[in-house]
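The values are calculated or read from the model by the stated rules, or taken from the named source; none is laboratory data. Please read all numbers here as calculations on a predicted model, not as lab measurements. Ligands, DNA and RNA are excluded from the accessible area calculation, which covers all protein heavy atoms including side chains. Shrake-Rupley method; radii C 1.70, N 1.55, O 1.52, S 1.80 Å.
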Amino acid sequence: MTELVKYMVTALVDNKDEVTVTEDGDVITVKVAKDDIGKVIGKQGRIIKSIRSVVKAASAKQDKNYSVEIDE
């Protein structure tokens, strides 16, 4: 699941080298550069909501429930 999130986030940001995605149990934490946080969140949180929706749909196939969080 971390590969999926990393793929989506690196497509959005400018500093692709600073993207780190870690998984701790059912929580997937995304860390990006300060300049790119707005690009991942999007206007009114639409992009991060979309990422969470895709992860929720993909995790349903694995019978798990992941949540995606952004670490600042």
Restricting to Cα pairs below 8 Å that are 6+ residues apart, what does the relative contact order work out to for the chain? Please round to a whole percent. 34
With Cα atoms, 0 to 90° folded angle of helix 46-61 axis to the chain main axis: 30
Taking every C-alpha to C-alpha distance in region 8-55 and binning by 5 Å from 0, the per-bin percentages run 5, 22, 30, 27, 14, 2
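Roll a 1.4 angstrom probe over the protein heavy atoms and tell me the percent of accessible area of the chain that is carbon or sulfur.
Here it works out to 47 percent.
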Å² per residue, accessible surface of the chain at 1.4 Å: 68
Tell me the angle of helix 2-12 to the major Cα principal axis of the chain, expressed in degrees between 0 and 90 and rounded to the nearest ten. 30
